[in-house]
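Okay, structure first, notes after.
The values are calculated or read from the model by the stated rules, or taken from the named source; none is laboratory data. Since the structure is predicted, the reported quantities are computational estimates derived from the model, not experimental observations. So basically every Cβ, Gly included, is an ideal-geometry build from the backbone, and we count neighbours across all protein chains shown.
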Amino acid sequence: MNRLKIALLAGGDSSEREIALNSAAQIAASLDSAKYDVKVIDLHHRCMTYTAPDGSQWEVDKNDFSLTVAGNRTQFEYALIIIHGTPGEDGKLQGYLDMMGIPYSSCSQVSSVITFDKISTKRAVAGCGINLAREILIGKDDTVNSAEIVEKLGLPLFVKPNASGSSFGVTKVTDASQIDDAVALALTESDRVLIEECITGREMGCGVVVTADRELLLPITEIVSKREFFDYEAKYQAGLSEEITPALITEEVKAKLNRMTLEAYRACRCSGIVRIDFIVTEQGEPYLIEINSIPGMSSGSIVPKQVREAGMTLGELYDIVIEDSLKRFRQ
């Protein structure tokens with residue numbers, strides 16, 4: 001049996017680099033070695049580097065997406081992308097793989113561009129029956145008028161980078177005097193800033209995969225942060241959040257979340273494993289927060305917990321994704 005030669009692309013150039021490397025290690029361990037010949041490739045500053053078991057490092061030839069180690073050449077046949085932020089989640093890497101004719105596991109280049117850009121996501125799902133917080137978009141050269149922002153959106157509100165992940169650069173603002181500093185912080189992560197009204201409620205993470213012949217809605221997770229909101233520390237420091245899977249919600253709320261998850265997935269033309277986050281108000285109405293086109297897959301991440309709750313292994317989930325993406329590529 002010829003094993004599929006997979007480049008597991010990890011790392012990246014964003015603040016989420018270490019998270020992606022941790023995710024890649026878990027995925028590599030979960031994949032069936034009888035089916036797949038997997039090599040973890042660290043993409044960093046335009047270099048694609050493979051570290052062999054003996055510690056030696058070798059560069060991927062980007063001209064043909066191949067790897068030669070001590071004279072032995074591997075022509076990669078598939079790319080499994082686990083890069084959060086740029087260049088994996090913003091569509092840049094997908095564009096390269098499209099040009100090279102290499103099938104891959106994630107959303108397409110177009111879909112990745114849409115889902116990485118928060119305001120584009122909101123525009124794409126508008127009219128799909130999905131509740132959205134009111135917002136103001138600010139560019140890096142725009143004048144910030146705190147009084148006008150508060151008058152329109154009220155307090156508290158969230159100031160966040162328009163294109164970033166893991167809550168880097170996000171501030172919950174409770175006073176107008178905090179807005180300038182919050183905008184400056186967000187601009188360190190993105191060239192545009194999204195300011196949104198604060199929707200109060202319970203945060204829910206919804207993992208989903210849609211293939212040509214099935215809709216796999218994973219058990220919903222409620223995220224209970226012990227901090228002001230589900231920020232970077234709450235996401236990745238033990239003891240700062242509780243993640244309840246399956247979420248203790250009514251069937252009615254579950255049905256709404258499942259419907260909106262599928263609507264958002266399709267509206268943004270997603271593929272592969274995606275996690276879509278919502279805030280559910282006291283009245284049981286979900287509001288979209290964001291779409292994570294390459295969600296974390298480390299041992300403490302949400303989607304792996306949902307997969308286990310669904311009675312699956314991470315390897316089985318990736319079998320589904322790999323098979324479907326190869327089928328679509330060959331059509």
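Each row is one residue, and each column tells you yes or no for (1) of a type in the set (Gly, Ala, Ser); (2) part of a loop (DSSP other than H, G, I, E, B); (3) at pLDDT below 95.
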| site | (1), (2), (3) |
| --- | --- |
| GLY205 | yes, no, no |
| VAL224 | no, no, yes |
| GLU233 | no, no, yes |
| GLU243 | no, no, yes |
| PRO246 | no, yes, no |
| GLU252 | no, no, no |
| ALA255 | yes, no, no |
Requested in this report: Note down all Cβ pairs under 6 Å where the first residue falls in the range 264-286 and is on the phi > 0 side of the Ramachandran plot, the second is outside any loop (DSSP other than H, G, I, E, B) and not aromatic (Phe, Trp, Tyr), and they're at least six residues apart or on different chains.
Outcome: ARG269/SER111; GLY272/VAL321; GLY284/VAL253
**Report entry** Qualifying position, being of a type outside the set (D, E, K, R) and either touching a helix residue (DSSP H, G or I) at 6+ places or on another chain (Cβ under 6 Å) or in the same structural domain as ILE81 (by TED's automatic domain parsing) (or both), among MET260, MET297
**Finding:** MET297
Query raised in the report: Among (1) surrounded by 21 or more Cβ atoms within 10 Å (Cβ to Cβ); (2) under 23 Å from LEU137 (Cα atoms), where does ARG123 come up short?
Result: (1)
Query - Residue check for ALA10: more than 21 Å from HIS84 (Cα to Cα) and either β-branched (Val, Ile, Thr) or modelled with pLDDT of 95 or more (or both) - result: no
**Report entry** Where a residue in the range 303-331 is assigned by TED's automatic domain parsing to the domain that holds ILE244 and of a type in the set (Asp, Glu) and its partner, wherever it lies, is modelled with pLDDT of 95 or more and surrounded by 15 or more Cβ atoms within 10 Å (Cβ to Cβ), with Cβ under 6 Å and at least six apart
**Finding:** GLU309/PRO219; GLU309/THR245; ASP324/THR211
Query raised in the report: So which residues in the range 279-294 are within 22 Å of GLU89 (Cα to Cα) and out of contact with any helix residue (DSSP H, G or I) (no Cβ under 7 Å at 6 or more places or on another chain)?
Result: ILE289, ASN292, ILE294
Query raised in the report: Residues of the range 150-171 being at pLDDT 95 or above and among the small types (Gly, Ala, Ser), which ones?
Result: GLY154
Query raised in the report: GLY296 passes all but one of (1) farther than 18 Å from MET204 by Cβ; (2) of a type in the set (Gly, Ala, Ser); (3) crowded, with 22+ Cβ neighbours inside 10 Å; which number fails?
Result: (1)
Report task. Confirm whether PHE158 is of a type in the set (Phe, Trp, Tyr) and within 23 Å of GLY88 (Cβ to Cβ). Result -> no
Query raised in the report: Which of the residues spanning the range 246-300 are β-branched (Val, Ile, Thr) and farther than 21 Å from SER111 by Cβ?
Result: ILE249, THR250, VAL253, ILE279, VAL280, THR281
Requested in this report: Only residues that are in a helix (DSSP H, G or I) and more than 30 Å from TYR318 (Cβ to Cβ): list them for the range 123-157, please.
Outcome: ARG123, SER146, ALA147, GLU148, ILE149, VAL150, GLU151, LYS152, LEU153
Query raised in the report: What number of residues within the range 158-213 satisfy the criterion of being surrounded by fewer than 22 Cβ atoms within 10 Å (Cβ to Cβ), under 30 Å from PRO304 (Cα atoms), in contact (Cβ under 8 Å) with a residue 12 or more places away in the chain and charged (D, E, K, R)?
Result: 5
